[in-house]
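Engineer: Right, I'll just put the structure down here and ask away after.
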Amino acid sequence: MKERIKQLLADINALNVSNSEEIEALRIKYLSKKGEVSNLFNDFRNVAAEEKKEVGKLLNELKNKAQDKINQLKEAFEKSNDRAEKLDLTRTPDPVELGTRHPLSIVKNEIVDIFARIGFVIAEGPEIEDDWHVFSSLNFPPEHPARDMQDTFFITKDPDVLLRTHTSSVQTRVMTNQKPPIRVLCPGRVYRNEAISYRAHCFFHQVEGLYIDKNVSFADLKQALLYFAKEMFGEETQIRLRPSFFPFTEPSAEMDISCNLCGGKGCPFCKNTGWVEILGCGMVDPNVLENCGIDSSVYSGYAFGMGVERITNLKFQVKDLRMFSENDMRFLEQFRAAY
Ligand code: DAH
């Protein structure tokens, strides 16, 4: 009897199953009324009286062991079953790769961050605009060539519905709706009817800056732009301002930075001048202030506008502007480390 109990114990310890039917078969084999353990209990009455205590204990241990083992198998099987249900076999085997930020967004964000540090907040306006916000309020005379069909996309028969050609239109919106002091940065997309080539596209991006307060001077403008140039292109960067013309600023200037490729020595990129142009700027024309309901005898201000593509080209030497809108992964993935 003791031998049989030992043998059964060893058998039970070694049990293994591969499906739930097998577990049930084992339960019947060992624990049912006619199972092996029950049979042993039946035979118990033939055990000699002096051995009954010891054998009885062994038998009970065997029964418990068998019960435990079968429960254990059941549990393990249910767990693995659970996992199988949660397994999504349609998932791609590789981890899903994160995309990269677009180079124009990287640069725009950097411009916004730099000006945010000196108090500029973001202002936005619509891309579909009217003549007043894009041209008239900004002092463009009626016959100005920028209003021409050649440059501007008019999108209905109504000549007062057009795609903005510059983000300067947001200046008018802000000045009309807010009281000075005003210190805003207006990033956005603009549209011009240009033949698409490596150096021109029918849409591109600008960031406009506007600061209106009492006693704002050209010196303030110059200092803010010098700070920007150094933050964007490095501490050693120099700037120069050349007189220029924009209808909405007086005086107006264009700003160059010392060529960030050759450090100002002269190279093919800067056409051996040592300088590259990066933005237009000036003191807001008093007419523009008055058009927007701001008293030009009390307030003055400066404005500037830059092309995000232009700054991006300077930072990353992208030779062909069309690459920004072709969505070629081989191009876009090169900017993974840039932010
Ligand atoms: N709006 C001009 C353009 O599209 C850029 C510009 C020049 C904006 C001078 C300004 C400015 O605010 O002061 O070419």
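Engineer: Go ahead and collect, in residue order, the members of segment 119-139 whose backbone nitrogen is under 12 Å from a label point 7 Å along the Cα-Cβ direction of D158.
Structural biologist: 129-131, by backbone N distance to the label point.
Engineer: Would you kindly calculate the mean projected area, averaged across all directions, of the convex hull enclosing the Cα atoms of segment 3-44, in square nanometres?
Structural biologist: Approximately 3.0 nm², given one-decimal rounding.
Engineer: For segment 187-339, what is the per residue volume of the convex hull drawn over the alpha-carbon atoms, in cubic angstrom?
Structural biologist: In segment 187-339, the Cα hull volume divided by residue count equals 138 Å³.
Engineer: When the Kirkwood radius is taken over all Cα pairs of segment 1-129, what Stokes-Einstein diffusion coefficient follows at 37 °C and 0.692 mPa s, in µm²/s?
Structural biologist: Approximately 155 µm²/s, per Stokes-Einstein.
Engineer: I've got another one for you. If I histogram all Cα-Cα distances within segment 95-238 using bins 5 Å wide from 0, what percent of pairs lands in each bin?
Structural biologist: 2, 8, 15, 18, 17, 16, 13, 7, 3, 1, 0, 0
Engineer: Cα axis of helix 218-233 to longest principal axis of the chain: angle in degrees, 0 to 90, nearest 10?
Structural biologist: The two axes meet at around 40 degrees.
Engineer: Another one. Give me the number: length gained by fully extending Q7 to F203, i.e. 0.36 nm times residue separation minus the C-alpha to C-alpha distance, one decimal in nm.
Structural biologist: 62.0 nm
Engineer: Which residues in segment 191-232 place their backbone N less than 14 Å from a point set 7 Å from the Cα of V298 along the Cα-to-Cβ direction?
Structural biologist: Residues 213-215 fall inside that zone.
Engineer: Using Stokes-Einstein with the Kirkwood hydrodynamic radius over Cα pairs, what translational diffusion coefficient do you get for segment 189-261 at 10 °C and a viscosity of 1.306 mPa s, in µm²/s rounded to a whole number?
Structural biologist: Value of D from the Cα-based Kirkwood radius: 108 µm²/s.
Engineer: Describe numerically, in nm with one decimal, the distance between label points set 7 Å from Cα along Cα→Cβ at A116 and at N272.
Structural biologist: A separation of 4.4 nm, rounded to one decimal place.
Engineer: Please give me the summed charge of the neighbours of A66: other residues whose Cβ is under 12 Å from its Cβ, Lys and Arg +1, Asp and Glu -1.
Structural biologist: +1
Engineer: Relative to the first principal axis of the alpha-carbon coordinates of the chain, what is the inclination of helix 20-31, with its axis defined by its Cα atoms, in degrees from 0 to 90 and to the nearest 10?
Structural biologist: Helix 20-31 sits roughly 30 degrees off the main axis of the chain.
Engineer: Next question, about the same structure. How far is the Cα center of segment 153-171 from the Cα center of segment 197-232, in Å?
Structural biologist: 22 Å
Engineer: Still on this model: Could you order the peptides 214-223, 285-294 from most to least packed, using the average number of other C-beta atoms within 10 Å per residue?
Structural biologist: Descending mean neighbour count gives 285-294, 214-223.
Engineer: Determine the order of H166, H144 by accessible area, beginning with the largest, at a probe radius of 1.4 Å.
Structural biologist: Of H166, H144, the descending order of accessible area is H144, H166.
Engineer: Then there is this: Using only helices, what value at 222 nm comes out for the chain when you add -39,500 (n - 2.57) per DSSP H run of length 4 or more and divide by the total residues, to the nearest 500 deg cm²/dmol?
Structural biologist: -12000 deg cm²/dmol
Engineer: Highest mean first, what order results for 99-105, 185-191 on Cβ atoms within 10 Å?
Structural biologist: Taking the mean over residues of other Cβ atoms within 10 Å, the ranking is 185-191, 99-105.
Engineer: Further, regarding this structure: To the nearest 10 degrees, how steep is helix 103-116 against the longest Cα principal axis of the chain, on a 0 to 90 scale?
Structural biologist: Compared with the principal axis, the helix lies near 70 degrees.
Engineer: Okay, moving on. Which percent, to the nearest 5, of DSSP beta bridges fully inside the chain are antiparallel?
Structural biologist: Rounded to the nearest five, the antiparallel share is 95 percent.
Engineer: In addition: In units of 2.2 N^0.38 Å, what is the alpha-carbon radius of gyration of the chain?
Structural biologist: 1.99
Engineer: Just to be sure I understand the model, the point goes 7 Å from the Cα along the line to the Cβ. What's the resulting R330 to L15 distance in nm?
Structural biologist: 6.4 nm
Engineer: Mind jotting down the distance between the C-alpha centroids of segment 236-280 and segment 63-117, whole Å?
Structural biologist: Going from one Cα centre to the other spans 51 Å.
Engineer: Based only on Cα atoms, what Rg/Rh ratio does segment 1-70 have, Rh being taken as Kirkwood's radius?
Structural biologist: With Rh from the inverse mean 1/r over Cα pairs, Rg/Rh is 1.01.
Engineer: Next question. Enumerate lysine pairs in segment 103-335 that are 8 or more residues apart or on different chains, then count those whose Cα atoms are under 27 Å apart.
Structural biologist: Qualifying lysine pairs in segment 103-335: 22.
Engineer: Only Cα pairs within less than 10 Å get springs; with that Gaussian network setup on the chain, which residue of E50, E208, E110 has the largest fluctuation?
Structural biologist: With Cα springs under 10 Å in the chain, the top fluctuation among E50, E208, E110 is at E50.
Engineer: On to the next question. Work out, step by step, the length gained on full extension between A49 and K222: first 0.36 nm times the residue separation, then minus their alpha carbon distance; give nm to one decimal.
Structural biologist: The span from A49 to K222 would gain 51.1 nm if fully extended.
Engineer: Contour minus end-to-end for D151 and K315, with contour as 0.36 nm per residue of separation and end-to-end as the Cα-Cα distance?
Structural biologist: Full-extension gain reported as 56.3 nm.
Engineer: Additional query: Can you tell me, using C-alpha contacts under 8 Å and at least 6 residues apart, the relative contact order of the chain as a whole percent?
Structural biologist: RCO, the chain: 15 percent.
The values are calculated or read from the model by the stated rules, or taken from the named source; none is laboratory data. Predicted model only: the values in this text are computed from it and were never measured. No Cβ is skipped: glycine too gets one built from the backbone with ideal geometry, and neighbour counts run over all protein chains shown. SASA here: full protein model, heavy atoms, side chains in, ligands and nucleic acids out. Shrake-Rupley method; radii C 1.70, N 1.55, O 1.52, S 1.80 Å.
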